[in-house]
């Protein structure tokens, strides 16, 4: 069998020599391989850089959000009874503000003055709320917050009484 192959190759040697690849073909293949070899490390480098950037951003976000959540203190965290009082007063204040808003169209100037007074109290309440996580005596701040709500409620009651008196005066003087 070996002899037959050798004789076949010897007889057809010219046909094999004609079918030889060109000399430039190997150079072309080598160029393409070099280009492909250069591109792979660049892609790997880019992917690793992107992954590292994502990890850094997520890590910083996690730390930042963790600190924000750690500083969030509610009134219920200090004292549950105070929290119930605060919710009660907040509900009453909302009702009174709604009642006051109904009279706004009849007395717009008076309503603006009343809302300005309430805005000051609201600002004070928000400052106390921001101070709550930072203060060592949180019970004192919570008491001040509840007292602020009580003052808001008294002020709203007084404002509604004034508006009712003004309306009554207007009705009496129209007759």
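Values quoted throughout were computed directly from the atomic coordinates according to the rules given, and no laboratory measurement underlies them. Given the structure is predicted, the values throughout are model-derived calculations rather than measurements. Note: ideal-geometry Cβ built from the backbone for every residue, glycine included; neighbour counts use all protein chains shown.
Of note:
- Distance in nm between pseudo-label sites at residue 122 and residue 165 (7 Å out along the Cβ direction from Cα): 2.5 nm
- Using the Cβ-Cβ distance between residue 9 and residue 30 with R0 = 41 Å, the FRET efficiency computed as 1/(1 + (r/R0)^6) comes to roughly 0.90.
- Per-pair calculated FRET efficiency, R0 = 30 Å: residue 79 and residue 101 via Cβ, rounded to 0.05: 0.40
- Two-site FRET efficiency, residue 130 against residue 87, from Cβ-Cβ distance with R₀ of 22 Å, rounded to 0.05: 0.70
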